[in-house]
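*Asks:* Here's a structure for you.
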Amino acid sequence: MLEDMREPAGPEERAVVERYLVAFEAADVPALTRLLADDVALEMPPVDLWLAGRDHYREFIERVFAMRGTGWRLRLVHANGSPALAAYAAEPATGVLRAHSLQVFDVRGGLIRRCVAFVDPALFRLFGLPGQIDPPAGQTNPLSSLPGQTNP
């Protein structure tokens, strides 16, 4: 148990997650992929999802952008000493950004080794974050006019 405890994230870890944030908001999948270790793991409780490997992670992110659009906004936070991102996804009809998931990262050797994305908007309150934010002025979700969009 004690060996599982960690020191708070250092500046190098935060820098990797900040680059991930920039790439995610830009929907730059190649840049995201370069930040991942070959054996990266992605979990998404409470969704029954677990992926291993850079290629599977990339395919999942491509699917997320195809289904939910590319108008995501993220905020850097910390969870139990680990760097984390609070992710807001745009509603197709309104473009309002609603709390979606809290992504907690394990970064070692300059690469993301693990991402646990908690898909529970109620967690945002625990971090003092709002449940929704307005989109930047003049920005709309590119999927807002497409029928039949579903959440990943």
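The values are calculated or read from the model by the stated rules, or taken from the named source; none is laboratory data. Bear in mind that the values here come from a model prediction, so they are computed numbers and not experimental data. As a convention, Cβ positions derive from the backbone with ideal geometry for all residues, glycine included, and neighbour counts pool all protein chains shown.
*Asks:* Does Val107 satisfy the condition of being crowded, with 20+ Cβ neighbours inside 10 Å and touching a Ser or Thr at 6+ places or on another chain (Cβ under 9 Å)? Explain how you work it out, then say what you get.
*Replies:* Working: crowded, with 20+ Cβ neighbours inside 10 Å: yes; touching a Ser or Thr at 6+ places or on another chain (Cβ under 9 Å): yes.
Against the criterion (crowded, with 20+ Cβ neighbours inside 10 Å and touching a Ser or Thr at 6+ places or on another chain (Cβ under 9 Å)), Val107 qualifies.
*Asks:* Residues Arg58, Arg98: which one is at pLDDT 95 or above, out of contact with any strand residue (DSSP E or B) (no Cβ under 7 Å at 6 or more places or on another chain) and surrounded by fewer than 18 Cβ atoms within 10 Å (Cβ to Cβ)?
*Replies:* Numbers: Arg98 fails: out of contact with any strand residue (DSSP E or B) (no Cβ under 7 Å at 6 or more places or on another chain).
Every option except Arg58 fails the conditions.
*Asks:* Could you pull out every one of the helices (runs of 4 or more DSSP H) wholly within segment 1-100 that has 3 or more residues that are among the aromatic types (Phe, Trp, Tyr)?
*Replies:* 54-68
*Asks:* For segment 49-82, which residues satisfy the criterion of being under 14 Å from Val116 (Cα atoms) and of a type in the set (S, T, N, Q)?
*Replies:* The answer is Asn80, Ser82.
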